Structures are given as C-alpha cells and as structure tokens.
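Undergrad: Mind looking over this structure? Questions follow.
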Amino acid sequence: MPIRLSGMQSGLDTEALVSALVMGYRTKKEDYEKAQTKLSWKQDKWKSINTKITNFYTGTLASNKLTSAYNLKKATINNSSYATVSASTSAVSGTQSLKVTKLASTGYLTGGKISGSGSTKLTGSSKLSEVDGMGSVVDGASISVTADGKTSTIELSSDMTISQFVVKLKNAGLTASFDENNQRFFISSKSSGADNDFSMTAANSNGKNALEALKLQATTADTLAKDMAKYQTIAGTDKDTYIADTAKSNYDATISQYNTAIEKLKISNAELEEKNKKLAYQKQYVNSFIEKANYTDAGDGLYNPTTLDDARKYLSDRESELEAKKTDGTITDDEKLELEAVKTVSKTVSDDTFVFTRTQKTDDDGNVSYTSDVDSLLTSTEASITSNNETIAANNTSINQYYTEAGVDSTNAAQVDSTNGKILLSYSDAITGNNSLATGYQAAATTQYEYAVSMVEAYNAYTAGTATDSQKELLGLSTSSSTDTTSAVRIAGSNAQIELNGAVFENTTNNFSINGLTIQATALTGSEAVTITTDTDVDGIYDTIKDMFSEYNELIKTLDTALNADSAKGYEPLTDDEKESMSDDEIEKWETKIKDSLLRNDSTLSSVVSSMKNSMLAGITIDGKTYNLSDFGISTGGYFSTSTGEKGVYHIDGDEDDSTSKGNTDKLRAAIANDSDTVIKYFSQLANNLYSALNKKLGTSNSMSSYMSIYNDKEMATQYSEYKTKISDQETKISTWEEYYYKKFSRMESALASLNSQASSISGLFG
C-alpha cells in the first residue's frame, strides 16, 4: 500500500473520508468472509460426522450383518498342561477326547567332547587337523549331508577351520555350532518332524574316520547303555516265566477287549429288535388307516371325509384301549410298544399340515404308483425296519469275527456264555487246546525274550571289547565294514501325534487344525485322555452385540447433539477488529457456540437420524415369530426422563458397564445361552437393516454429493469457491474506488496548494 500524505492543504482526514466512501464494499466483503468461514466450519462438521458414519457403516455394520460374525465358538480343555485349544466358527459343539501320544521333535545331534592335539583347547579358528585323532585322515575325507530337502557333500581338508566346517554344515541346510566352552558340536535340522530330519554319513573311509574323530558318529556307548536297561530286565527273568506271564497278559487283555465289544453289540441288537417290534406295529396301523380311509387306486386319489374320520377314530379307540390297560397295570411289554406306535400314527395323521391327497405316478414300464404323506410314512417305516435288520446282521458278523479271532466255538458252552455271548476260554485252557490266539502270543513272547538275550550278549561283548561285526551291527554301532554313522545315538526328528476321538493325526509340528479346532500339543497325556469341550461362545456373541450398540450409541449421540443444538442466533464469525477487543477464551467460546449450532434442525441430518432410528425400531420376523429389541432386554430411556442427547441411546439390561441398566435382569445373555440361533439371526438382520438404510444415504453420487458422502459436499465446495470469488471481487472494487477517491483528493490538494501559493504571491506584492 502506498504511503499517502493527505490533507496537508485542506486539513481534511482524507483516509477516513475514503474509508467511509468504500464502506459499503467493505461491509459486503466482510459478509462474504463471515459466510465463507461459517461454510468452512460446516464442512468440517459434516466431514467429522460423515467419517464416523462411514466407519460404522463399512466396519461394524458390514461385519455384523453376516451371521458368521456371531457364530462364535469357544473351546476349553480340562487340563491345559497337555495342550491349548481354540475354536473357529466351523467347530462342532460337544465334548471330544484328546490324547497327545507324541510331541514333534527336531533331529538333534550332540557331538562328543573333542580336544586339540596334546589336550589343547580348540576354538573356531582351530584347524580340523589340530583335532585329536584327525591326523592324516582329514585330507580326502568326504561327508554326505541330507537336510532341508537336498543332499550335499562336504569335502574336508587339513587347512579347514572348525568355523569353516560349521559354515559348510549350515550351507548344507543344518543348524550348527561349535561350543568352545564344552568342546562339542551341536547340530540339528531346521524344522521338526520326521520328514524334516537330517542324516550325516561318511562318503568314504576317511570320512568315517573323520566323523569318529570329531565325535559325530551316530551311536555312543553312553546312549546305548540307557537303551540296554529294558533288555537286561527281560533277560534277567526266567525264560518260561517271562513267556508265560507276557503271553497270558496279552491274551487276557485281548479277550477283555473282545468281550466289551461283544457286549455293546448285543445291547445294540436288543435295542434294534425292540425298535423293529414298534415299527411293525406302526406299519400295521398305517396299513389299517389306509384301508379304513378307503384309499383306492382311482386316478384322483381323493379321500372321503367320513371314511377319513372313521380311520382316525379307529386309531383313537385302540389308543384308549391300550391306555386303559396301562392304567390298570395289565399291559404287556409288547402292548407298550404297540401303544407308542399307535400314538405316533394317530398324532401324525391328525396334523393339519399332513397331506392326504394321493398323486398317481406312472413309470416308463407302465407301472402305476401313488404318493402322499401316508404312503411316505409307510415307506419310511419299512425303510427303518430294513435298516435296523441290516445293522443287526452287521453286528452279528462282527460278533462272529471276534469269536473267530479268539479261536472259540460260539456253540461250545465251555467257551462262550450263551446268555450274553461272553468268551469264557481261559489262557491255560487255550494253551492246552492249542488255541491260535494264545499260541500266537506265546510265540511272540518267546521271540521278545530271545532278542533281549541276544542284545545283552552283544552289549556285554562290546563293553568287553570282543564284539563281532554282527554284534556291533545288532547294537547299531559302526563296524569295520560300515561307513554309515547315522545310527540312533542322536534324537531323531519325529512327528507330533495326537488322537482325537480315537482318530490318529500326525503333523511335523505340535500344532493341529482339525475341523475348526486349533490344538497345540505341549505334553504327553499318557494313557489317560483329556477332554475338549466346544460350545457356543456366549460371552463372545454378547460382546459382539454390545460393541455394535456401543458404536451406535456414540454415533447417535453425536448426531442428536448436532441436530438438537442450542440456537446461535445473533452470533456471527468475528472480524479481526472485533477479536482485538476480546480475550482468547472469549473468542473460543464465541466460535464454539456458532460451530455447535451449524447443523441445528438440518434436514439432511434429520433424515439420516430418522432412518437409523426407524431401522432399530422395526420388528424382525424369525421363524414365523416377530421380535423387537425389547425382547432381548435392549431399550432406550424414557422420552421425558432422558436428556436430549441421550434419547436415542440404547441400554442393555444387565450390562455391568451401564449404570442405567446394570441392575436389570440380563435377558440378552440368557437368550444367547438358550437359543443362540434366533439371537444370531435377529441381530444380523438388524445390522443388515441399518446397513441398508445408511447405504441409501451413502451409496449414491450426484451433482451435489460424492459417493460415500452423506451430505452435499460437492455443493458446499462450489459455494466455498463462489464466496472466494465474491470476496475477491469486493477486494478489487475496494481497491479501485479507493484509488479513484485518493486521486480526486490529491488533485484537490494540488489545486489548494496552487491557490495558496498564488495568494501568498499577491499578498507579497502588497507588502
């Protein structure tokens, strides 16, 4: 802005005069600036609300409208020291039996203690030739390593250091290190499981000698001694005693298993026979009903109401007769089954949904048949009888198989109890009679004993230094003719193994995913199984619903507060001049008052709030019954007793986090526990209804609003740009007119200066 020295001749306050002359334009500019500021605040307000709505819409609602969000399951185990479990939505509810029979292990080899020549301590920088016992065997030594899905050959040399050897092992796919403190190599596979185990063998004689010198041979005396304990126990027992006791123990255990299985099959057959008696009566009464209802092979298949009533009365009369006998105690066991059957038929044909009209069908061969609910009942009854008979036959086959495997004659009273089918043949009688099961166990026990004796003899010879090559091979030791050093001194990589409900599962790790269950085995269970219980996760479903309402409440409070804000009539954005006379706190309160009221009674916001609240209030029909939120103990506060911002907020009865309703009966949690399917269907539909309502507001784009914008963001952006143009226009006008008026006053001042100069000259002429 140029510096103007005005009023020097006239004495007028030119700036004040010019300012007054352009005041109209300044006022318009200020009005536009205030309107633009209010619009900017309104945009910010809408952006904040729009973000909250879209986050709720795309997050919680999008998820909770799917039933999978609520189909939560939880799994517990009665002893967590053996395994940890979790369940996905696909897990089957119920109780399951778990045994951990094996834990996954990583193939591991701990080398024997080595030392340098002259008992010097070795380090990573020590050469292999410096290892005691290596001597001249290093050069030319070749080792084959299979690990991580590949086979590699490591060629050793006298110049190779221990660290370099370790690197070679790592490059071959192993995890390897040399412990300088303990003077040992530690080698393992990278992953657990039998398939991920490794082998390290000599590829030539020098390789065998090198592995022995490095104490990496697969079998050592220390571990062999531990393995010998069981064989020494067997060999230390009298042969005949061991054979007899072991064979008898195995025979008795097998017979016990057979008897248990036979007993279960016998019980099953008895139950099936009883069911067949009832079904036979049911078939009898269905046929009688058909006959008395006067069904014919006529094409229309229509029934006569009179004969139908007669058929029903026949069933009713027979039911009454049997009920009377039941009351006076004269009813037989068969008549009890007959009573159950006639009740079933009577109840079925009295059902209003039961179809009596027969439909005629003709196949390609011209055979005519009729179908109706009555015919279907007859067919299903006959099918059940057939199925039961098939099961009985299969059970009898299994029972006979047990007799065959046990080597007994089922008709021999001395061998089988005819009353319950239990095998009676003792071990001593079985041996005397040359029973195949007993003699088989005796032969196996004999082989076990002889093998144990051979192992002990070989071990004793080995410790005495007199073992032959065959004895060394029996013990798993290296021989003079063997280059294989992978015998079992180290821990072999093995798979984890569990039994779930009797089914065996294996994995390379201790983690299993089976039918919706995630099981991490941590310890062996032994012979005793632990129990996994899978059930509906009541707390999880409750929390899912509660979280949705918590988000909804926060959102609806925000919207209601904005919609029902106090009026800010008379409040306008402050000019810079106005701010100069106010404190910062006063300015903040003034502007907050305006900002809070920007969406007061806004029609767009009101429409959104109404659609949301109406969606929550609408009844939802599940399986023919209509439910409302109140049925699950969820409601808003009273209209007259609740503050404005809280009127649309929902409270869950029994919610410990809600002071308003925590003392009420927890209907929601009870509903989840008693009928989770209905709860899930209702709340997923509720979320879907709310989602659809918001989708109508968010899911379109036009000239006034963008996609996923609940307000007219495009229109507001245009308005903001227009205000910017109008403000610029006014600034141009102010500048133009100011320049115009200053020029006018400048010319006036110049004229006055000239006039004053002339007056001064004339005055000088007159002295």
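Undergrad: Give the calculated FRET efficiency between Ser97 and Ala413 to the nearest 0.05, with a Förster radius of 41 Å applied to their Cβ-Cβ distance. It would help to have the intermediate numbers written out before the result.
TA: Values: r = 38 Å, r/R0 = 0.92.
Efficiency for this residue pair is about 0.60.
Undergrad: Next question, about the same structure. Report, to the nearest 10°, how far helix 221-235 tilts away from the longest principal axis of the Cα atoms in the chain, using its own Cα long axis and a range of 0 to 90°.
TA: 40
Undergrad: Moving on to the next point. Could you tell me the distance between the Cα centroids of the stretch 574-611 and the stretch 375-432, to the nearest Å?
TA: Value for the Cα centre distance between the two parts: 89 Å.
Undergrad: Sort the stretch 1-132 into rounded, prolate or oblate with this rule: let a ≥ b ≥ c be the square roots of the eigenvalues of the Cα gyration tensor; rounded if a/c is under 1.5, and if a/c is not under 1.5, prolate when a/b is larger than b/c, oblate otherwise.
TA: Values: a/c = 9.34, a/b = 2.04, b/c = 4.59.
Judged from the Cα gyration tensor, the stretch 1-132 comes out oblate (a/c at least 1.5, b/c at or above a/b).
Undergrad: Could I ask something else about it? Under 5 Å between amide H atoms, partner at least 5 residues away or on a different chain: which partners does Gly493 have, H built in plane at 1.01 Å?
TA: Long-range HN contacts for Gly493: Gly107, Tyr108, Phe198.
Undergrad: Pull up all non-local amide H partners of His651: gap of 5 or more, or a different chain, and H-to-H distance under 5 Å with H placed in the peptide plane.
TA: Distant-sequence amide H within range of His651: Ser635, Thr636.
Undergrad: Helix 23-56 sits at what angle to the longest principal axis of the chain, using alpha carbons and giving 0 to 90 degrees rounded to 10?
TA: 10
Undergrad: Under 5 Å between amide hydrogens, which residues at least 5 positions from Tyr627 or on another chain qualify, with H placed 1.01 Å from N in the peptide plane?
TA: Sorted by chain and number, the residues that satisfy this are Ile620, Thr621, Ile622.
Undergrad: Further question on the same structure: Assign unit charges at the C-beta atoms only (+1 for Lys and Arg, -1 for Asp and Glu), then state the dipole size of the stretch 709-761 relative to its Cα centre in Debye, rounded to the nearest 20. The partial results should precede the final answer.
TA: Details: 7 positive and 8 negative charges, 49 e Å.
Dipole size: approximately 240 debye.
Undergrad: Answer with one residue from Ser288, Val679, His651: the one whose Cα lies farthest towards the positive end of the charge dipole of the chain, charges on Cβ with Lys, Arg +1 and Asp, Glu -1.
TA: His651
Undergrad: Over all directions, how big on average is the projection of the convex hull of the alpha-carbon atoms in the stretch 522-648, in square nanometres?
TA: Working: hull surface 68.2 nm².
Mean projected area of the Cα convex hull: 17.0 nm².
Undergrad: Relative to the longest principal Cα axis of the chain, at what angle does helix 676-698 sit, 0 to 90 degrees, rounded to 10?
TA: 30
Undergrad: Okay, next question. Just to confirm the filter: which chymotrypsin sites (Phe, Trp or Tyr not before Pro) across the stretch 633-712 are DSSP coil and have at most 11 other Cβ within 10 angstrom of their Cβ? Each step should come with its number before you reach the end.
TA: Working: sites: Tyr639, Phe640, Tyr650, Tyr682, Phe683, Tyr691, Tyr707, Tyr711; in loops: Tyr639, Phe640, Tyr707, Tyr711.
Sites meeting the loop and neighbour criteria: Tyr639, Phe640, Tyr707.
Undergrad: Quick one: compute the contact order of the chain, relative version, from alpha carbon pairs under 8 angstrom and 6+ residues apart, as a percent. Mind dumping the intermediate values first?
TA: Details: 1112 pairs, mean separation 179.7, N = 767.
So the answer I get is 23 percent.
Undergrad: Same structure again: For the stretch 600-692, rounded, prolate or oblate, judged on the Cα gyration tensor with a ≥ b ≥ c (square roots of eigenvalues), a/c < 1.5 rounded, else prolate if a/b > b/c? Could the numbers behind the result be given before it?
TA: Numbers: a/c = 2.65, a/b = 1.25, b/c = 2.12.
Oblate, because a/c is 1.5 or more while a/b does not exceed b/c.
Undergrad: If the reach is capped at under 22 angstrom between alpha carbons, list the lysines near Lys248, excluding any in the same chain fewer than eight residues apart.
TA: Lys230, Lys239, Lys422
Undergrad: Where Lys and Arg each count +1 and Asp and Glu each count -1, what net charge lies around Val416 among other residues with Cβ under 15 Å from its Cβ? Could the numbers behind the result be given before it?
TA: On the way: positive: Lys266, Lys422; negative: Glu263, Glu405, Asp409, Asp417, Asp429.
With Lys, Arg at +1 and Asp, Glu at -1, the net is -3.
Undergrad: Still on this structure, I have one more. Among the listed pairs Lys113/Lys150; Lys73/Lys647; Lys595/Lys714, give every one whose C-alpha distance is greater than 23 Å. It would help to have the intermediate numbers written out before the result.
TA: Details: Lys113/Lys150 28 Å; Lys73/Lys647 35 Å; Lys595/Lys714 20 Å.
Beyond 23 Å: Lys113/Lys150; Lys73/Lys647.
Undergrad: Convex hull over the Cα atoms of the chain, averaged projected area in nm²?
TA: On the way: hull surface 306.4 nm².
Computing the convex hull of the Cα atoms and averaging its projections yields 76.6 nm².
Undergrad: I would also like to ask the following. Roughly how many nanometres apart are two label points built 7 Å out from the Cα toward the Cβ at Met748 and Gln164?
TA: Taking the simple label geometry, Met748 and Gln164 are separated by 10.5 nm.
Undergrad: Can you tell which of Phe198, Asn564, Ile532 lies farthest toward the positive end of the dipole of the chain, using +1 and -1 charges on the Cβ of basic and acidic side chains (Lys, Arg; Asp, Glu)?
TA: Ranked along the dipole, the leading option is Asn564.
Undergrad: Using only alpha carbons, build the gyration tensor for the stretch 108-218 and give me the equivalent ellipsoid semi-axes, biggest first, whole Å. List each step's numbers first, then the result.
TA: On the way: eigenvalues 96, 47, 26 Å².
For the stretch 108-218, the semi-axes come out at 22, 15, 11 Å.
Undergrad: Under a Cβ-only charge scheme (Lys and Arg +1, Asp and Glu -1), can you give me the dipole magnitude of the stretch 108-218 about the Cα centre, in debye to the nearest 20?
TA: Details: 10 positive and 11 negative charges, 27 e Å.
Taking the Cα centre of the stretch 108-218 as origin, the dipole is about 120 debye.
Undergrad: With r as the distance between the Cβ atoms of Thr362 and Asp334 and R0 = 51 Å, compute the FRET efficiency 1/(1 + (r/R0)^6) and round to 0.05.
TA: Working: r = 40 Å, r/R0 = 0.79.
Taking R0 as 51 Å, the efficiency between Asp334 and Thr362 is 0.80.
Undergrad: For the modelled label position 7 Å from the Cα of Phe505 along Cα-to-Cβ, which residues of the stretch 79-103 have backbone nitrogen atoms closer than 14 Å?
TA: 83-93, 96-102
Undergrad: Using 28 Å as the Cα-Cα cut-off, could you pick out the over-long pairs in Lys74/Lys557; Lys42/Lys726; Lys42/Lys579; Lys190/Lys215; Lys38/Lys65? Don't skip to the answer; put the middle values down first.
TA: On the way: Lys74/Lys557 34 Å; Lys42/Lys726 19 Å; Lys42/Lys579 21 Å; Lys190/Lys215 21 Å; Lys38/Lys65 38 Å.
Over 28 Å Cα-Cα: Lys74/Lys557; Lys38/Lys65.
Undergrad: Any idea what the dipole of the stretch 241-432 comes to, in debye rounded to 20, about its Cα centre with Lys/Arg Cβ at +1 and Asp/Glu Cβ at -1? Provide the component values of the computation, followed by the final result.
TA: Numbers: 19 positive and 34 negative charges, 73 e Å.
Value, rounded to 20: 360 debye.
Undergrad: Given R₀ = 25 Å, FRET efficiency for Thr468-Thr446 by Cβ-Cβ distance, to 0.05? All intermediate terms of the calculation are to be shown ahead of the outcome.
TA: Details: r = 24 Å, r/R0 = 0.97.
The calculated FRET efficiency here is 0.55.
Undergrad: Also, I was wondering about something else. Tell me, how many Å apart are the Cα centres for the stretch 640-700 and for the stretch 301-346?
TA: Using only Cα atoms, the two centres lie 50 Å from each other.
Undergrad: Can you give the net charge of the other residues whose Cβ lies under 12 Å from the Cβ of Ser567, counting K and R as +1 and D and E as -1?
TA: +1
Undergrad: Starting at the first residue of the stretch 571-576, write each ³J(HN,Hα) from the Karplus equation 6.51 cos²θ - 1.76 cosθ + 1.60 with θ = phi - 60°, in whole Hz, x for Gly and Pro.
TA: After applying 6.51 cos²θ - 1.76 cosθ + 1.60, I find 9, 10, x, 7, 7, 4 Hz.
Undergrad: Here is a follow-up. Once the other residues with Cβ under 12 Å from the Cβ of Thr534 are scored (Lys, Arg +1; Asp, Glu -1), what is the net sum?
TA: Details: positive: Lys73, Lys74; negative: Asp535, Asp537.
Around Thr534, the surrounding residues sum to 0.
Undergrad: Give me the one-decimal nm value for the distance between modelled label points at Ala16 and Asn294, 7 Å along each residue's Cα-to-Cβ direction.
TA: Taking the simple label geometry, Ala16 and Asn294 are separated by 12.0 nm.
Undergrad: Could you work out how much longer the chain between Thr260 and Lys557 gets when fully extended? Use 0.36 nm per residue separation minus the Cα distance between them, nm to one decimal.
TA: Values: separation 297, 0.36 × 297 = 106.92 nm, distance 6.71 nm.
Separation in residues times 0.36 nm, less the Cα-Cα distance, equals 100.2 nm.
Undergrad: Also: Positive end of the charge dipole of the chain (Lys, Arg +1 and Asp, Glu -1 on Cβ, about the Cα centre): tell me which of Asn388, Thr518, Gln96 has its Cα farthest that way.
TA: Thr518
Undergrad: Continuing with this model, one more query. What do you get for trypsin sites (Lys or Arg not before Pro) in the stretch 549-583 restricted to DSSP loop and a cutoff of at most 12 other Cβ within 10 Å of the site's Cβ?
TA: Values: sites: Lys557, Lys569, Lys579; in loops: Lys569.
Answer in residue order: Lys569.
Every read-out reported here was derived from the displayed coordinates using simple, explicitly stated rules and does not represent laboratory data. Remember, predicted model here, so these are calculated numbers, not experimental data. Don't worry about glycine lacking a Cβ; one is built from the backbone with ideal geometry, like all the others, and counts go over all protein chains shown.
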